[in-house]
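To keep things clear, I will list the structure first and then write my remarks on it.
A short reminder: the numbers here are calculations on the coordinates, not readings from a lab. Bear in mind that the values here come from a model prediction, so they are computed numbers and not experimental data. Positions of Cβ are generated from backbone atoms using ideal geometry, with glycine treated the same way; all protein chains shown enter the neighbour counts.
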Amino acid sequence: MITKVTQLFGITYPILQGGMAYVADAKLAAAVSNAGGLGIISAMGLTSQQLREEIAKCRQLTDKPFGVNLMLRSPTVEEAANVVAKEKVGVVTTGAGLPTRFMPLWLDAGIKVVPVIPTVAMAKRVARDGAAAVVAEGCEAGGHIGELTTMTLVPQIADAVEVPVIAAGGIADGRGLAAALLLGASGVQCGTRFLAAEECSVPLCFKQEVLNARDIDTMVVGRRMGRPVRALKNSYMQEFAQREMNPMISNTELEKYGTGALWRAVREGDMLTGCIMAGQAAALIRKTQPARVIIKTMVDQAEHLLEKPLAPA
Ligand code: TUI
């Protein structure tokens, strides 16, 4: 399956792993890269030294290309931006903002910059700034999201920019991959699908919640603050939604309630008062599998669907 995305990154299959905060470590990224996709390490919560170590570990575990994701609202983003430039990481993906101020540094270091963006205007902006590709992320995704769906966003961005488009949000199987390619994307990014990878280090209870999720089991909070976040419905998310509707509770108090919640779910296995960030694609995932099987199954299914005529001859 050769596309602009496989050619750009020098990978076998057009599948990127989402740079999930506190989740996407060197072990998961290397497993995805060794399987022919593009693994991504999240810099979130890491000191400069820890990020350097994670990059070194990934280089030990794979000789294939991989990337690093920077959450642009992270308090340590400046240090992480310098580490990736110094380490000359092949690919940097960004989220939760525009990477404009870091572009000269990264482009000088020969890094391919791939911003994750939720609108056409932002896609045009980052393409003008020198992005090598864009991830068009629909609001089916988990974590911090925009307002548009993958189905409408991807074709509009494919029409608006010259650089390759990678579709994200709601994609977890070969049907999603095939659909994304038909919408004009040259590849996909999957986050939630890789939460259920065997190599993913989230606690088993977290994976089980993802496997158990049905179509209506995610919800979005944070719209009042202009920063919507999708996660699995649990008592934490329901309580957040209640507080958000209460005008007596300030945005500062709400922000405080948000702090540490993702960490509690990912690192402490707290499924009640933690924020279990996952996308709507959770309902499409039935079992935990090695990254290699996830990727191979997606590609085989997509190839089968794309070869199939749309009507009988
Ligand atoms: O970045 C994501 N998803 C994320 S980051 C994250 S880390 C975190 N978040 C909340 C609490 C604790 C930890 C979890 N999920 N996806 C990519 C993405 N970027 N979606 C939307 C955007 C985005 C939004 C606004 C990109 C640019 C943008 O620019 C406008 C602005 O206001 O800067």
Using the count of nearby Cβ atoms within 10 Å as a rough guide to exposure, how do Met122, Met245 rank from fewest to most? Met245, Met122
Gained length - Arg286 relative to Ser48, 0.36 nm times residue gap less alpha-carbon distance: 82.0 nm
Share, in percent, of DSSP beta bridges within the chain that are antiparallel, nearest 5: 20 percent
Could I have the simple spin-label model distance between Asp63 and Lys124, label points 7 Å from Cα toward Cβ, reported in nm to one decimal? 4.5 nm
A student applying the Cα gyration tensor rule (rounded when a/c is under 1.5; otherwise prolate if a/b is larger than b/c, oblate if not) would label region 209-313 prolate
For a quick check: with amide H placed at 1.01 Å from N, whose amide H comes under 5 Å from Thr94's, ignoring anything fewer than 5 positions away on the same chain? Leu70, Val114, Val116
Before anything else, pin down the relative contact order of region 111-263: Cα pairs under 8 Å, at least 6 apart, normalised by residue count, whole percent. 16 percent
If amide H atoms are modeled at 1.01 Å from N in the peptide plane, then the residues at a separation of 5 or more from Ala278, or on another chain, having amide H under 5 Å from its own are Gly143, Ala231, Leu232
Using modelled backbone amide H atoms (1.01 Å from N, in-plane), which distant-in-sequence or interchain residues come within less than 5 Å of Ile41's amide H? Gly67, Val68, Asn69
Mind listing which chymotrypsin sites (Phe, Trp or Tyr not before Pro) in region 201-296 are in a DSSP loop and have 16 or fewer other Cβ atoms within 10 Å? none
Which ordering of Glu147, Glu244 is given by a fewest-first count of other beta-carbon atoms within 10 Å? Glu147, Glu244
If you take the alpha carbon radius of gyration of the chain and divide it by 2.2 N^0.38 Å, what ratio comes out, to two decimals? 0.94
Please say if region 1-152 is rounded, prolate or oblate, where rounded means a/c under 1.5 for a ≥ b ≥ c the square roots of the C-alpha gyration tensor eigenvalues, and otherwise the choice is prolate for a/b larger than b/c and oblate otherwise? rounded
Please rank Thr218, Thr149, fewest neighbouring Cβ atoms within 10 Å first, as an exposure proxy. Thr149, Thr218
Cβ-placed point charges (K, R +1; D, E -1), dipole of the chain about Cα centre in debye, nearest 20: 100 debye
Hydrodynamic radius (Kirkwood) for region 97-207, which is based on Cα pairs only, to one decimal in Å: 14.5 Å
Per residue of region 115-123, in order, report the coupling 6.51 cos²θ - 1.76 cosθ + 1.60 (Karplus, θ = phi - 60°) as ³J(HN,Hα) in whole Hz, putting x for Gly and Pro. x, 8, 9, x, 9, 5, 4, 5, 4
